[in-house]
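The structure under discussion appears below in the form of structure tokens.
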């Protein structure tokens, strides 16, 4: 193996300079010598024994006519990621099927996969920068959450940083301090993907999902880049109830006006009725009743649609509590929305209808009113 010495370098430089001054610069010879010298292994000998080998990468740069040789020592440290198993650890999988209440609150976490893939260091004596990016389209108004092919379902990535540090939401940039000592060792390191509700759930199969790329850089290591993916194929089911009584007629008994005096009196005469349901398990069932005649009504009194009576409205109760009317919406927290019960045990919504006098005076006659109801599964 040839050995480069300061003397031989000086001699080569003097020869090159001489050729340049004399106008006899032979570019063909220079190219051949450049290719032969592009990578050299220099053996250092001490006391007749070989004790160390270094790799020098040499690059030739032409600046005008002189030939400039630049040599850099290759990085000695390495980062191993993952350090538990192989790259198959970077392919995440959710359950084969996941049932989610259709109207689960936006931002709710419905599934998590978070394996420890580990991180290893060898000869890492410098600070390391870890740059984590997400490949996908962000959900508007939800930083860190990225779209899938199903409406209402997004993905949020996380990763632990430093040596066994805490969770950080991607995208992010983290710094690893020098490993200490010889710069060699290993630590726990987790990657994580969450399925997140971004709106009303669309049932179907997850086929298009975002991915997360992790890159480690530093002055003492070779740059390492890995990408974490999510296996497609998870079936998403939206938990809902089927309404078995989409239309309910409620005939109230006739009563004398005196039973509604003074104004504000609620009649003792009433009529019980039920909204029938057939529900899948796994959700909390909510309902909102809306005044069909006056959709902006947020009181406890249902407006009359027609009829000859005046100064009268209807009151709907659930379990003895007057129902507050609200907008026709399944969004969680909708004003006027109330909990019916768990879908596992809910088969109907029991209600009671009564008269109520609203004044300023009461005119006898017929009474008709109309309400709609909207179910929400959370």
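Just so it is clear, none of the values below were taken in a lab; they were calculated from the coordinates. Worth saying up front: this structure is predicted, and the values here are computed from it rather than measured. Note that each Cβ is placed from the backbone with ideal geometry, even for glycine, and that neighbours are counted across all protein chains shown.
Computed values, structure above
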quantity: For segment 124-211: rounded, prolate or oblate by the Cα gyration tensor [a/c cutoff 1.5]; calculated: prolate
quantity: Between segment 311-374 and segment 162-211, the Cα center-to-center distance that results, in Å; calculated: 48 Å
quantity: log₁₀ of I(q)/I(0) at q = 0.17, 0.31, 0.32 Å⁻¹ - segment 331-378, Debye sum with one point per alpha carbon; calculated: -0.75, -1.39, -1.42
quantity: Point-to-point label distance, residue 88-residue 235, nm (Cα→Cβ direction, 7 Å offset); calculated: 2.5 nm
quantity: Percentage of interatomic Cα-Cα distances in segment 78-239 larger than 26 Å; calculated: 31 percent
quantity: Surface/4 estimate of mean projected area, convex hull on alpha-carbon atoms of segment 281-378, nm²; calculated: 6.3 nm²
